[in-house]
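Some notes on the structure that comes next.
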Amino acid sequence: MVREETLSDAIVYNKVNLLRKDFFDYIGKNSGKVDANLPVFFGHVVSALENSFPALPEEQFDDFIDSITFRVLDASSSTPDSGYLGRVILNAARVKKRRDADRGTSIVTGLKLLKIGNYILALEFLKKYWNLDVMLGVAVAYCHYSLSLAGSTAGSQEPEPAASSVEAERMAREKMLDLSRKKPPLQKLPQLDVDDAAFLNDIFWKMILLSLDWFPHEAWFVTVGLEKAKISGNEEMRVKLLDIGAEQFYDDIDVLREMYCSRLDNKDIGGAAGIVNHLLKRYPESLEPVLLGLNLSLLTTKKITYHSFRKLAVTKGMPSQILDLFDFEFDLLHNETKDALGRLPEIEKHYPYLGYYVTALRHIANDVSSEDEQKSLFAKKAMLDSVEKYCGEIIRGKMPFR
C-alpha cells in the first residue's frame with residue numbers, strides 16, 4: 001500500500017517491524033518454498049518494502065534485507081553448503097541498494113554458520129568485520145577458541161592436533177586482546193539484532209570470563225561486560241562482574257563508575273559516597289568524580305553538600321553549561337520551581353545548541369512539580385539520569401561543549 005501521508009520516524013519504525021514480522025512468520029511456515037524460489041521471494045520482499053515505504057532510507061532498506069536473509073538461512077532445512085549459501089547470498093545482495101551491501105550479507109551468513117557450529121566457514125565471513133562491534137570480535141575469537149578445542153585451525157586441511165590447538169587458542173587470545181585495545185562499540189550493528197540471540201549472548205559471556213582468566217589485569221573485559229549486562233538485563237552477570245571489579249580493579253575509573261551506579265540502583269547512598277571520595281583522591285585532576293558528587297548531592301537533598309561540590313567544580317574548571325544544568329536541577333528539587341524555570345531562557349540564550357534539550361527539560365519540570373507523587377518521582381529520575389548522562393558524555397569527551 002502506497003502511503004500518501006508523511007509518517008513520523010517512530011510510526012515508520014513500528015510499521016517496518018510489523019512487515020518484518022509478517023515475513024518472518026511466512027518464512028517459518030514456508031521455508032521449503034522460499035528456498036526453491038529465492039529470486040521470486042526476494043523480489044516479493046522488495047516489492048512490499050517499496051510499495052509500503054517508498055521513502056525508506058537505503059540503509060534501513062538494506063538492514064531489512066539482512067534480517068530477512070538471516071531468517072531464511074536460520075529457518076532452512078537445507079544443508080548450508082557453499083552452493084546453498086551462494087544462492088542465498090546472491091539473491092540477497094542483488095536487491096540491496098548500498099555499495100557495501102556485501103558487508104551485512106556476510107555478517108548474517110557468518111552468524112548463521114556460527115550458530116550451527118561451522119566455525120571454519122563462519123570465520124571466513126566474519127573475520128573481516130571483527131572490529132565493527134564487540135559482539136563480532138568476540139564471535140571471531142570464539143571461532144578460534146572452539147577450533148582449538150577441536151584441534152583445528154581455519155584454513156588448515158590436515159593439521160597437527162597439538163600444534164593447531166595451541167595456534168588456534170593463541171589467535172583467540174590475541175583477538176580478545178585486540179578488542180580490549182580497539183574498544184569498538186557494543187551491540188550497535190542492526191545485523192546483530194537476530195530473532196533469538198541466546199547463542200550470541202552465551203558466546204559473549206564465555207569469552208569475557210575466559211579473557212579475565214587470560215588477562216587478569218585488563219579492566220576493559222569487566223567494563224564491557226557490565227555494559228552488556230545492562231543492555232540485556234543480566235543482573236547475575238552484573239553482580240559477578242562488579243565483585244570481580246571490586247577485587248581486581250578498584251582503582252579503574254570505568255569500573256568505579258559502574259560500581260557507583262550499582263550502589264545508587266540499590267539505594268546505597270553511603271556506598272556511592274564512598275566511591276566518589278575514593279575517585280576524588282585517586283583522580284584529583286579529573287572532573288568526573290566532581291560530576292558524580294554533584295549528582296549524588298542532589299539525591300541526598302543536602303544543600304551544603306551541593307554547594308561544596310559546586311565550589312569544587314568551579315575551582316576545577318567545570319564547563320559552565322554543566323553548572324547551569326545542575327543549578328536548574330537543584331532549584332527544581334528544592335521546590336524553587338519559578339527560579340528553576342527562570343534559568344532555562346538564560347541557558348537557551350547562552351547555549352543555543354541546547355535549545356532542543358531545554359524544551360525537554362521544560363516539560364520534565366512541569367511533571368517534577370506535579371501533585372501526582374508517582375508522576376513526580378518518575379520525572380525526577382528521568383531528569384537526574386538524563387542530565388548526568390549528558391554531562392558525563394561531555395566530561396568524557398564523547399560530546400563536544402562550547
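Looking at Asp100, is it surrounded by fewer than 19 Cβ atoms within 10 Å (Cβ to Cβ) and either among the hydroxyl-bearing types (Ser, Thr, Tyr) or out of contact with any Gly (no Cβ under 8 Å at 6 or more places or on another chain) (or both)? It is true that Asp100 is surrounded by fewer than 19 Cβ atoms within 10 Å (Cβ to Cβ) and either among the hydroxyl-bearing types (Ser, Thr, Tyr) or out of contact with any Gly (no Cβ under 8 Å at 6 or more places or on another chain) (or both).
Across segment 128-158, the number of residues qualifying as modelled with pLDDT under 95, more than 24 Å from Ser78 (Cα to Cα) and touching a Leu at 6+ places or on another chain (Cβ under 6 Å) comes to 1. Among the residues of segment 219-233, which ones are surrounded by fewer than 18 Cβ atoms within 10 Å (Cβ to Cβ) and assigned to a loop (DSSP other than H, G, I, E, B)? Across segment 219-233, the qualifying residue is only Gly233.
Residue-by-condition table, conditions (1) at positive phi; (2) of a type in the set (A, V, I, L, M); (3) without any contact (Cβ under 8 Å) to a residue 60 or more places away in the chain:
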| position | (1), (2), (3) |
| --- | --- |
| Leu189 | no, yes, no |
| Asp195 | no, no, no |
| Ala198 | no, yes, yes |
| Phe204 | no, no, no |
| Met207 | no, yes, no |
| Phe221 | no, no, yes |
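Checked against (1) assigned to a helix (DSSP H, G or I); (2) without any contact (Cβ under 8 Å) to a residue 40 or more places away in the chain; (3) not hydroxyl-bearing (Ser, Thr, Tyr), Val46 meets all criteria but (2).
In segment 332-347, how many residues are assigned to a helix (DSSP H, G or I) and free of Cβ contacts under 8 Å to residues at least 12 places away in the same chain? Total meeting the criteria: 4.
Taking the stated definitions as given, is Arg282 basic (Lys, Arg) and either in contact (Cβ under 8 Å) with a residue 40 or more places away in the chain or surrounded by 16 or more Cβ atoms within 10 Å (Cβ to Cβ) (or both)? No.
Taking the criterion of being of a type in the set (D, E, K, R) and more than 14 Å from Pro80 (Cα to Cα), the residues of segment 91-113 that qualify are Arg94, Lys96, Lys97, Arg98, Arg99, Asp100, Asp102, Arg103.
Of the residues in segment 95-133, how many are polar (S, T, N, Q) and touching a Pro at 6+ places or on another chain (Cβ under 9 Å)? First the steps, then the outcome.
As a first pass, look at segment 95-133 and keep what is polar (S, T, N, Q): 105-106, 109, 118, 131.
Retained after the next criterion (residues that are touching a Pro at 6+ places or on another chain (Cβ under 9 Å)): 109, 118, 131.
Matching residues across segment 95-133 total 3.
In segment 100-127, the qualifying residues are those that are of a type in the set (D, E, K, R) and part of a helix (DSSP H, G or I), and the one that is farthest from Val72 (Cα to Cα) is Lys127.
Of all residues in segment 32-55, none satisfies being surrounded by fewer than 14 Cβ atoms within 10 Å (Cβ to Cβ), out of contact with any strand residue (DSSP E or B) (no Cβ under 9 Å at 6 or more places or on another chain), under 17 Å from Val194 (Cα atoms) and among the charged types (D, E, K, R).
I'd like to know if segment 174-196 contains one or more residues that are touching a His at 6+ places or on another chain (Cβ under 7 Å) and over 26 Å from Lys21 (Cβ atoms). So far as segment 174-196 goes, yes, one or more of its residues are touching a His at 6+ places or on another chain (Cβ under 7 Å) and over 26 Å from Lys21 (Cβ atoms). Would you check if there is a residue in segment 105-122 being more than 30 Å from Glu174 (Cα to Cα) and surrounded by fewer than 22 Cβ atoms within 10 Å (Cβ to Cβ)? No: zero hits.
The values are calculated or read from the model by the stated rules, or taken from the named source; none is laboratory data. Note that this is a predicted model, so its numbers are computed, not measured. All Cβ positions, even for glycine, are placed from backbone atoms using ideal geometry, and neighbour counts span all protein chains on display.
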